[in-house]
1. So what's the Cα pair-distance distribution over the chain, bin width 10 Å, in %?
2. Can you tell me the relative contact order of segment 1-117? Whole percent, Cα pairs under 8 Å, sequence separation 6 or more.
3. What is the fewest-to-most order of I33, I68 by other Cβ atoms lying within 10 Å of their Cβ?
4. Among E50, E116, E98, whose mean-square fluctuation peaks in a Gaussian network model of the chain (Cα, cutoff 10 Å)?
5. If amide hydrogens are placed 1.01 Å from N in the peptide plane, which non-local residues have theirs closer than 5 Å to the one on D123?
6. Are there any chymotrypsin sites (Phe, Trp or Tyr not before Pro) in segment 1-69 that are in a DSSP loop and have at most 16 other Cβ atoms within 10 Å? List them by number.
7. Under unit Cβ charges (Lys, Arg +1; Asp, Glu -1), what dipole magnitude, rounded to 20 debye, does the chain have relative to its Cα centre?
Amino acid sequence: MIYHGNRFTMKPGADPAAMEEALESLRNQGRAIPSVKSFVVGRDYGGEYEWGATFVIEDLEGYWEYLIHPAHRNTDRVGLPLVDKFVSFDITDDPDPEMGKKIAALHKRRYDSDPELTKLVSDLSEYTGSAAPGPHGG
């Protein structure tokens, strides 16, 4: 199993209705993407982030489905413009020592095929994690 997590903080002054739309879009990812086995979206406690989401996915094939699904793309479109700081991470019990590289390659493939997404992510003030292109085109 792969547990794909996101932690994020909204920009100061972000519109509450737009924030709720983005959070609901994250919840919809969990409901709409067939490869998501379970998920949680909510407040993040015990760190420097305000919100978090975790999606449980069985394998790399399902992970790719998750990454390119229209529900995920909608969250990028409505949510990323509101986000200040963002980190993504993956936890897996798969014994493959190359799993981290394989996950990063999926993210890179997605960014390489979607310049609009890459721009949205690059405009974040801080983004680390799963093959992040980095702030401001890094």
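1. In order of increasing distance, the bins hold 12, 45, 37, 5, 0 percent.
2. Working: 171 pairs, mean separation 45.5, N = 117.
Across segment 1-117, relative contact order equals 39 percent.
3. Working: I33 20, I68 15.
Least crowded to most crowded, the residues run I68, I33.
4. E98
5. Residues meeting the criterion, in which the H sits 1.01 Å from N, are H136.
6. Working: sites: Y3, F8, F39, Y45, Y49, W51, F55, Y63, W64, Y66; in loops: Y45, Y49.
Within segment 1-69, the qualifying chymotrypsin sites (Phe, Trp or Tyr not before Pro) (loop, at most 16 other Cβ atoms within 10 Å) are Y45.
7. Working: 15 positive and 23 negative charges, 34 e Å.
Roughly 160 debye, rounded to the nearest 20.
We did not get these values from a lab; they are worked out from the coordinates using the rules stated. Just so we're clear, the structure is a prediction, and the values are computed from it rather than from any experiment. Note that each Cβ is placed from the backbone with ideal geometry, even for glycine, and that neighbours are counted across all protein chains shown.
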